[in-house]
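Notes to accompany the following structure.
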Amino acid sequence: MSTASSGQVLALGIGSAGARIVSALSKETTLVDRFAYLSCDPADLESVDGGEKLLIEGPIDQKLTPAMVRGLSIRYQSEMRRLVEGAKVVFIVAGLGRATGSGLAPVVAELAKDSGADTVSIAVMPFGFEEKLRFYAGLALRRLRGVSRGVVVVDNDTLLKSTSDATLKEIYDLANSEAVTALGSLLSRQSDDSIPVGLNKVLGTVFEDGYSFLSSASSGSVDKTEEALSRAVIGISKRAETKEANHAVVVLTGDSALRAGETATAVKRLGSMFGNGAIDVEYSVSYRGGSQLQVSVLASGFKATRYDEYDPLASLRTVMDDSMEYSLPSGLEGVPSCE
């Protein structure tokens, strides 16, 4: 595993969810050196400040599929390569299920891989009620696993069930906020108000075979670590077999009243909660939060996820050509597909 130096860590947000999360992350003090954004919607790029931006232009009178988005992106291959050029580590953040994230995230991950970067894909999965998005989400997730050094899955559905009284916009905002807090703490720099885990340890966890899960939960006060930790682990257990976990990073985010004993409790209890006493646990602490404690768990080593059932044709693809499909929207079939 390589060690990235200054200017070599890139966070790239794809589509609406990716752009929102990466834009918020850019305002945190992290080890990320560059930020970039890629979307088919101009509004996504207009909503972010700074960073490199690339718009994949297409017709506004048609509903795009992931294959169409990939088809439209062919003429932008050189620009997409330039976005990842020179980076040693690329974090690709995308919401899966809709056309842009599902279509472009595997393409960009493969370009980053081909450029020699260690690629970590952070996949934000759709809510359970968004059934029409499941097939594309499951397919894109599996393809990301094939072209990325590591895949981190963020599940929004667990959050919805724990905050059922909130509006949908509040749920999206809360999900993005918790993802940013967790990612910001995982990638934080050394400071007076944080104890970072370090980029190499984060990458060492994510690069374990299989999938990684990032789950967060909050408790009413900073002395309720087990309460929040248990809820975070339960969130993972709903999507994977917890006993498969072999590495984990636990992040505690609170205020100056957060005691060292709470960190010790989290590290000691995590293995038993996963049902695997041999799990290797790292930790990070941030005192930049409020009186409410947020516990985030990044766990890796999962061979399968319950998202596998989103793609009912997965077993057939093991004996079929699984290359990504490219197509063009109606009326653009005659447009040259490459430069």
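In this structure, is SER216 buried (at least 22 other Cβ atoms within 10 Å of the Cβ), under 22 Å from GLN292 (Cα atoms), touching a residue at least 40 places away in the same chain (Cβ under 8 Å) and not aromatic (Phe, Trp, Tyr)?
yes
Counting just the residues of segment 302-330 that are in a loop (DSSP other than H, G, I, E, B), among the hydroxyl-bearing types (Ser, Thr, Tyr) and surrounded by fewer than 13 Cβ atoms within 10 Å (Cβ to Cβ), which one comes out modelled with the lowest pLDDT?
So the residue we want is THR318.
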**Request:** Please find, within segment 269-296, the residue that is surrounded by the fewest Cβ atoms within 10 Å (Cβ to Cβ) out of those that are in a helix (DSSP H, G or I) and among the aliphatic types (A, V, I, L, M).
**Result:** MET273
**Request:** Taking LYS243 as meeting all but one of (1) closer than 21 Å to GLY150 by Cα; (2) surrounded by fewer than 17 Cβ atoms within 10 Å (Cβ to Cβ); (3) in contact (Cβ under 8 Å) with a residue 40 or more places away in the chain, write down the number of the exception.
**Result:** (3)
**Request:** May I ask you to list pairs of residues, at least six apart or on different chains, whose Cβ atoms are under 6 Å apart, with the first in segment 301-328 being farther than 17 Å from ASP155 by Cα and the second being basic (Lys, Arg) and at pLDDT 70 or above?
**Result:** TYR326/ARG70
**Request:** Tell me which of these ALA182 doesn't satisfy, since it passes every other one: (1) buried (at least 22 other Cβ atoms within 10 Å of the Cβ); (2) over 15 Å from SER23 (Cα atoms).
**Result:** (2)
**Item:** Residues of segment 78-98 satisfying the condition of being in a helix (DSSP H, G or I) and among the small types (Gly, Ala, Ser)
**Value:** SER78
**Item:** Odd one out for LEU55 among (1) surrounded by fewer than 20 Cβ atoms within 10 Å (Cβ to Cβ); (2) over 14 Å from ILE14 (Cβ atoms); (3) of a type in the set (A, V, I, L, M)
**Value:** (2)
**Prompt:** of a type in the set (Val, Ile, Thr), surrounded by fewer than 24 Cβ atoms within 10 Å (Cβ to Cβ) and either under 20 Å from VAL22 (Cβ atoms) or in contact (Cβ under 8 Å) with a residue 60 or more places away in the chain (or both): does that describe ILE236?
**Reply:** no
**Prompt:** Can you tell me which of ALA257, ALA299, ALA248 is modelled with pLDDT under 90, of a type in the set (A, V, I, L, M) and not in a helix (DSSP H, G or I)?
**Reply:** ALA257
**Fill in**
Within segment 219-233, restricting to residues that are among the polar types (S, T, N, Q) and crowded, with 19+ Cβ neighbours inside 10 Å, the one that is nearest to GLU282 (Cα to Cα) is THR225
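The values are calculated or read from the model by the stated rules, or taken from the named source; none is laboratory data. Nothing here was measured: the structure is a model prediction, and the numbers come from that model. Glycine also receives a Cβ, built like all others from the backbone with ideal geometry; neighbour counts cover every protein chain displayed.
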